[in-house]
1. Please list, ordered by first then second residue, the pairs with beta carbon atoms under 9 Å, 6 or more apart or interchain, first in region 71-90 and free of Cβ contacts under 8 Å to residues at least 24 places away in the same chain and of a type outside the set (Lys, Arg), second in a strand (DSSP E or B) and open to solvent by less than 60 Å² (accessible area, probe 1.4 Å).
2. Residues that are farther than 19 Å from Gln3 by Cα and assigned to a strand (DSSP E or B): does region 98-113 have at least one?
3. Having 1 or more residues that are on the phi > 0 side of the Ramachandran plot is the bar; report the strands (runs of 3 or more DSSP E) wholly within region 13-68 that clear it.
4. State yes or no: is Leu80 modelled with pLDDT of 95 or more, more than 20 Å from Tyr101 (Cα to Cα) and more than 13 Å from the chain's Cα centre (by Cα)?
5. Looking only at region 60-70, count every residue that is under 18 Å from Gly8 (Cβ atoms) and either in contact with a helix residue (DSSP H, G or I) (Cβ under 9 Å, 6 or more places away or on another chain) or open to solvent by 50 Å² or more (accessible area, probe 1.4 Å) (or both) and tell me the total.
6. Name the one entry in Ser17, Ser100, Ser21 that is of a type outside the set (D, E, K, R) and at pLDDT below 95.
7. Since Thr77 meets every condition but one in (1) touching an Asp or Glu at 6+ places or on another chain (Cβ under 7 Å); (2) under 18 Å from Val5 (Cβ atoms); (3) hydroxyl-bearing (Ser, Thr, Tyr), which condition does it not meet?
8. In region 72-108, how many residues are closer than 20 Å to Leu11 by Cβ, open to solvent by less than 10 Å² (accessible area, probe 1.4 Å) and not hydroxyl-bearing (Ser, Thr, Tyr)?
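The values are calculated or read from the model by the stated rules, or taken from the named source; none is laboratory data. Remember, it's a predicted structure, so these values are computed and weren't measured experimentally. Cβ placement follows ideal geometry from the backbone for every residue including glycine, while neighbour counts extend to all protein chains displayed. Quick note on the areas: whole protein, heavy atoms, side chains included, nothing else; ligands and nucleic acids left out. Shrake-Rupley method; radii C 1.70, N 1.55, O 1.52, S 1.80 Å.
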Amino acid sequence: QVQLVESGGGLVQAGGSLRLSCAASGSTFGANVMAWYRQAPGKQRDMVAQITSSGSTNYADSVKGRFTISRDNAKNTVYLQMNSLKPEDTAVYYCNVRSSYYPQDTSWGQGTQVTVSS
């Protein structure tokens with residue numbers, strides 16, 4: 001059982017920046033993938049960025065060049081640096097961790113609201 005606690009969401013003007021953090025506790029499945037997803041009202045939850053234990057990253061096309069995902073394995077923490085924010089980035093952002101070997105082993109955070117005003 002992995003517990004994820006997110007922080008860093010808030011209200012920001014278009015063009016501004018936010019940094020999200022997600023701290024994991026408990027057994028984190030050994031080798032794992034940590035990721036950020038987001039969900040806007042009336043829309044599905046989509047992956048924003050993910051990072052493996054070894055540091056390999058993937059990004060949604062909509063955030064490439066603007067967002068950066070990173071992790072501190074010693075702290076079991078994943079970060080999402082969001083720059084050049086757009087109103088379209090407004091959503092609830094969720095942290096996720098899953099086993100690299102057993103993807104059915106997965107946990108979600110509660111979500112943190114990011115609102116970008118125009």
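1. Correct list of pairs: Asp72/Val78; Asp72/Tyr79.
2. No, there is no match, as no residue in region 98-113 is farther than 19 Å from Gln3 by Cα and assigned to a strand (DSSP E or B).
3. Values: elements: 18-26, 32-39, 46-52, 57-59.
It comes to 18-26.
4. Numbers: modelled with pLDDT of 95 or more: yes; more than 20 Å from Tyr101 (Cα to Cα): yes; more than 13 Å from the chain's Cα centre (by Cα): no.
No: the conditions fail for Leu80.
5. Kept after step one, since they are under 18 Å from Gly8 (Cβ atoms), are these residues of region 60-70: 63, 66-70.
Those left that are additionally either in contact with a helix residue (DSSP H, G or I) (Cβ under 9 Å, 6 or more places away or on another chain) or open to solvent by 50 Å² or more (accessible area, probe 1.4 Å) (or both): 63, 66-68.
Within region 60-70, residues that are under 18 Å from Gly8 (Cβ atoms) and either in contact with a helix residue (DSSP H, G or I) (Cβ under 9 Å, 6 or more places away or on another chain) or open to solvent by 50 Å² or more (accessible area, probe 1.4 Å) (or both) number 4.
6. Values: Ser17 fails: at pLDDT below 95; Ser21 fails: at pLDDT below 95.
After ruling out the rest, the residue left standing is Ser100.
7. Of everything listed in (1) touching an Asp or Glu at 6+ places or on another chain (Cβ under 7 Å); (2) under 18 Å from Val5 (Cβ atoms); (3) hydroxyl-bearing (Ser, Thr, Tyr), Thr77 misses just condition (1).
8. Applying the first criterion (closer than 20 Å to Leu11 by Cβ) to region 72-108 yields 79-95.
The next check asks that each one be open to solvent by less than 10 Å² (accessible area, probe 1.4 Å); those that pass are 80, 82, 85, 89, 91, 93, 95.
From the residues that got through so far, the ones that are not hydroxyl-bearing (Ser, Thr, Tyr) too are 80, 82, 85, 89, 91, 95.
Within region 72-108, residues that are closer than 20 Å to Leu11 by Cβ, open to solvent by less than 10 Å² (accessible area, probe 1.4 Å) and not hydroxyl-bearing (Ser, Thr, Tyr) number 6.
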